[in-house]
Amino acid sequence: MYPNLYYFFKDIFGIEWHWLKFINAFGFFVAIAFIIGAMVLTSEMKRKERLGQLSYQEADILVGKGPNWTEVFLNSLFGFLIGFKLIGAFFESGSISDDPEGYLISSRGSLLAGILLAGILGGIKFWHGQKESLPKPEKRTIRIWPHDRVGDIIIMAAVFGFAGAKLFHNLENWDEFVKAPMVSLFSRGGFTFYGGLICATVAIVLFAKKHKIGLWHLADTFGPAMMIAYAVGRIGCQVSGDGDWGIPNSAYISDANAKVILADSSGFKNAINNNIGYYKEEFKTIGEINSAADVPHLAVKAPGWLPDWFVAYSYPHNVNEVGIKLANCNDDKYCTYLPAPVFPTPFYETIACTLLFLVLWGLRKKIKTAGIITGLYLIFNGLERFLVEKIRVNTHVFGTQFTQAEIISFLLVVFGTGIIIWRSRTANTAVK
């Protein structure tokens with residue numbers, strides 16, 4: 001596992017750049033997911049604009065009025081923060097390597113680098129304003145196309161998505177939230193995808209209505225984009241070992257170096273019982289754990305043409321630092337692994353969602369009725385998540401045998417089916 005890019009470069013290239021500890025592996029792949037999603041979204045919006053399915057909105061702007069001092073200030077502030085903290089990290093790499101998060105929220109940094117970069121970025125923004133200024137500012141009417149708003153949409157999706165993901169996680173784990181609300185709200189982990197999906201969807205629908213963007217055609221552009229973005233994001237879960245894995249595979253156990261080996265039933269039981277303290281904490285949301293018999297598990301041996309890690313992975317050096325200590329790890333952080341290997345469900349979701357993206361991408365030009373792609377996305381998303389939940393452990397809600405994700409994924413399938421039926425019946429109307 002690579003909790004951050006420092007460990008990746010150290011393992012692959014033998015390079016120890018301590019400043020790379022600032023770049024969390026999960027966050028890195030989430031950023032890549034947003035970029036790829038934005039590219040797919042922009043491409044599909046432009047295609048629909050060429051077909052006349054998405055239209056522009058006119059707006060009056062004042063041009064030639066010179067530098068915008070608010071933008072100059074914000075550029076300077078951004079430059080100062082980057083220079084003060086990130087460039088400053090190069091000069092303090094030895095002292096911050098063990099606690100990069102602590103460095104980020106401290107008053108330490110390079111004041112000189114901050115001032116220099118603030119001057120450079122602020123100066124560039126001021127120069128651009130001066131260059132475009134006119135003797136007499138004039139009002140012009142411009143066309144703003146939906147693809148011009150992708151940046152705003154992505155930022156909105158990120159803000160409301162992360163807020164919703166954190167909110168739904170805390171609702172799902174209410175007991176933990178009540179005990180330590182501030183820790184739960186501001187911890188690096190603890191996100192529920194469907195919470196983010198729901199909150200971001202509401203925000204984007206309101207945004208589309210405000211700017212008179214055809215809702216169904218807009219929704220259809222999101223289907224493929226969100227599917228591939230989710231697939232890439234799950235790579236981050238797998239690479240960092242963020243705890244979003246499946247139940248133990250009782251056909252295997254992990255040795256002291258986190259190597260996965262075949263085991264009989266007694267080997268699995270011993271692995272659990274010898275580390276019962278960890279499993280009591282790991283599975284506390286599903287009930288009291290006293291022995292291996294209380295731990296959900298499934299025995300699946302990998303076929304000869306697949307590596308063992310495909311069905312059983314021990315997540316060594318995971319970012320959550322859960323499990324037990326590795327035998328030959330002397331680092332202060334990220335020295336744990338899982339004594340009973342688990343199903344690597346993030347890897348499965350990356351494969352499944354990449355394939356589903358290809359299906360949606362191939363169908364998008366063949367299906368002419370707006371809304372059908374949206375319905376298919378909801379069905380695919382719901383089915384994929386419902387199935388993977390069967391080998392994951394989450395809290396059951398409302399006194400049922402279903403997890404929050406299973407209930408929401410089932411509703412998505414129902415809702416998606418309803419959209420397809422409704423839009424198919426109204427295909428000849430002018431509903432937008």
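FYI, it's all coordinate maths here, none of it is from the lab. Quick caveat: nothing in here was measured; it's all calculated off a predicted structure. No Cβ is skipped: glycine too gets one built from the backbone with ideal geometry, and neighbour counts run over all protein chains shown.
Each label point is 7 Å from the Cα along the Cα-to-Cβ direction; what then is the distance between the points at residue 354 and residue 13, in nm?
The two pseudo-label positions are separated by 2.3 nm.
Using the basic label-point model (7 angstrom from Cα toward the beta carbon), what is the residue 162 to residue 332 distance in nanometres?
Each label point is offset 7 Å from its Cα along the Cβ direction, giving 2.6 nm.
From the phi of every residue in the stretch 367-372, what ³J(HN,Hα) in whole Hz does the Karplus formula 6.51 cos²θ - 1.76 cosθ + 1.60 yield, where θ is phi - 60° and glycine or proline is x?
Karplus-based 3J(HN,Hα) across the stretch 367-372 equals 8, 8, 7, 5, x, 5 Hz.
Starting from the Cα of residue 71, step 7 Å along the direction of its Cβ; do the same at residue 58; then give the gap between the two resulting points in nm.
With each label point 7 Å from Cα toward Cβ, the separation is 2.4 nm.
Please pull out the direction-averaged projected area of the stretch 252-343, using the convex hull of its alpha-carbon atoms, in nm² to one decimal place.
6.1
Just check the stretch 28-78 against the gyration tensor rule for me: Cα atoms, a ≥ b ≥ c as the square roots of the eigenvalues, rounded for a/c under 1.5, and otherwise prolate or oblate depending on whether a/b exceeds b/c.
Oblate shape, in that a/c is at least 1.5 and b/c is the bigger or equal ratio.
Against the 2.2 N^0.38 Å scaling, with N counting residues, where does the stretch 288-337 land? I'd like the Cα-based Rg ratio to two decimal places.
That works out to 1.46 for the stretch 288-337.
Search the structure for amide H atoms under 5 Å from the amide H of residue 54, placed 1.01 Å from N in the peptide plane, and list their residues when 5 or more places away or on another chain.
49
Sorted from largest down, give the three principal axis spans of the alpha carbons of the stretch 298-431, whole angstrom values.
Per principal axis, max minus min of the Cα coordinates gives 67, 39, 31 Å.
Hey, can you grab everything whose amide H is under 5 Å from the amide H of residue 246? Only 5+ residues off in sequence or another chain; H modelled, so Pro and N-termini drop out.
Residues meeting the amide H criterion: 343, 345.
With springs connecting C-alpha atoms under 10 Å apart, model the chain as a Gaussian network and identify which of 111, 363, 412 has the largest mean-square fluctuation.
111
Using the Karplus equation 6.51 cos²θ - 1.76 cosθ + 1.60 (θ = phi - 60°), what ³J(HN,Hα) coupling, rounded to whole Hz, does each residue of the stretch 381-388 give in order, writing x for Gly and Pro?
4, x, 5, 4, 6, 4, 5, 5
If I take every Cα pair under 8 Å that is 6 or more residues apart in the stretch 252-343, average their sequence separation and divide by the length, what percent do I get for the relative contact order?
34
Using R₀ = 22 Å, calculate the FRET efficiency as 1/(1 + (r/R₀)^6) where r is the Cβ-Cβ separation of residue 255 and residue 306; round to 0.05.
The value I calculate is 0.60.
Please compare each pair in 21/390; 85/259; 46/139 to a cut-off of 29 Å on the Cα-Cα distance and tell me which ones are over it.
Pairs exceeding 29 Å: 21/390; 85/259.
From the phi of every residue in the stretch 136-149, what ³J(HN,Hα) in whole Hz does the Karplus formula 6.51 cos²θ - 1.76 cosθ + 1.60 yield, where θ is phi - 60° and glycine or proline is x?
Working through the residues one at a time gives 9, x, 10, 8, 10, 9, 10, 9, 10, 8, x, 5, 5, 9 Hz.
Given Cα pairs under 8 Å that are at least 6 residues apart, what percent is the relative contact order of the chain?
17
Consider all pairwise Cα distances in the chain and report the whole-number % of them above 30 Å.
In whole percent, the share of Cα-Cα pairs in the chain beyond 30 Å is 54.
Could you work out [θ]222 nm for the chain from helices alone, using -39500 (n - 2.57) per DSSP H run of at least four and dividing by all its residues? Round to the nearest 500 deg cm²/dmol.
Result for the chain: -17500 deg cm²/dmol, rounded to the nearest 500.
Any chance you could check the Cα centroid distance between the stretch 1-26 and the stretch 238-263 for me, in angstrom?
Result: 22 Å between the Cα centres.
What translational D, rounded to a whole number of µm²/s, comes out for the stretch 115-174 from Stokes-Einstein when the hydrodynamic radius is the Kirkwood one over Cα pairs, at 37 °C and 0.692 mPa s?
Here the translational diffusion coefficient equals 204 µm²/s.
Assuming R0 = 35 Å, what is the FRET efficiency of residue 124 and residue 23, from their Cβ-Cβ distance, to the nearest 0.05?
Result of the calculation: an efficiency of 0.90.
In what order do 377, 348, 56, 313 fall by count of nearby beta-carbon atoms within 10 Å, going from fewest to most?
56, 348, 377, 313
Under 5 Å between amide H atoms, partner at least 5 residues away or on a different chain: which partners does residue 252 have, H built in plane at 1.01 Å?
263
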